[in-house]
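One structure is given below, encoded as structure tokens.
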Amino acid sequence: MRKLKGIPASPGIASGPAYIFQVTELTIEKKTISDTSAELKRFEEATHSAIQQINAIREKAESETSSEEAAIFDAHAMFLQDPTLIDAIRQAIGKNAINAEAAVNEAIETHAQTLERLEDEYFRA
């Protein structure tokens, strides 16, 4: 038997198969762009499309499970609408003239580093 240690989501003991989450590093190519307005528009369109897709997945999940279980997708959509994150992405595109993918990656990395510095281990996880 193999013992795993981690941060529990709830109190108590659990036994059974464990899923070990392994982070896959994505390689995001950072490109300098010349038309920041077009890149901002591309970002806005991609965000709108992603929110529509998440909402469709949420509706399907709700019809197949419950609204409580499907509510996780609300959090995903809210993440894409976070004003602080969106502002950081827009600024990276506009001021640094970088592609949207790299701007999103940088903004998320910055937010993740902020959470990692918090004292609350729940937010650091």
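Just a few scattered comments:
- The condition of being at pLDDT 95 or above, touching a helix residue (DSSP H, G or I) at 6+ places or on another chain (Cβ under 6 Å) and part of a helix (DSSP H, G or I) does not hold for F123.
- Check on I93, touching a Phe, Trp or Tyr at 6+ places or on another chain (Cβ under 7 Å) and surrounded by 13 or more Cβ atoms within 10 Å (Cβ to Cβ): yes
- Any chance K5 is over 30 Å from A102 (Cα atoms) and either basic (K, R) or touching a strand residue (DSSP E or B) at 6+ places or on another chain (Cβ under 7 Å) (or both): yes
- Any hit, region 54-70, residues being surrounded by fewer than 10 Cβ atoms within 10 Å (Cβ to Cβ) and hydroxyl-bearing (S, T, Y): no
- Set A103, A18: member being within 25 Å of F123 (Cα to Cα), surrounded by 15 or more Cβ atoms within 10 Å (Cβ to Cβ) and out of contact with any Ser or Thr (no Cβ under 8 Å at 6 or more places or on another chain): A103
- For region 21-34, the criterion of being surrounded by 12 or more Cβ atoms within 10 Å (Cβ to Cβ) and either at pLDDT below 80 or not charged (D, E, K, R) (or both) is met by at least one residue.
- Near pairs, Cβ below 6 angstrom, 6+ apart or cross-chain, from region 103-125 (under 17 Å from L80 (Cα atoms)) to any residue that is of a type in the set (A, V, I, L, M) and in a helix (DSSP H, G or I): A103/I89; A103/A92; A103/I93; V104/I89; E106/A92; A107/L85; A107/A88; A107/I89
- For beta carbons closer than 7 Å, sequence separation of 6+ or different chains, a first residue in region 53-75 that is free of Cβ contacts under 8 Å to residues at least 24 places away in the same chain and a second that is acidic (D, E), the qualifying pairs are R58/D74; A61/E69; A70/E62.
- Of residues in region 77-111 being assigned to a helix (DSSP H, G or I), among the small types (G, A, S) and within 19 Å of K30 (Cα to Cα), the one nearest to the chain's Cα centre (by Cα): A107
The values are calculated or read from the model by the stated rules, or taken from the named source; none is laboratory data. For clarity, every value in this text was computed on a predicted model and none was experimentally measured. Neighbour counts run over all protein chains shown; Cβ positions are idealised from the backbone, glycine included.
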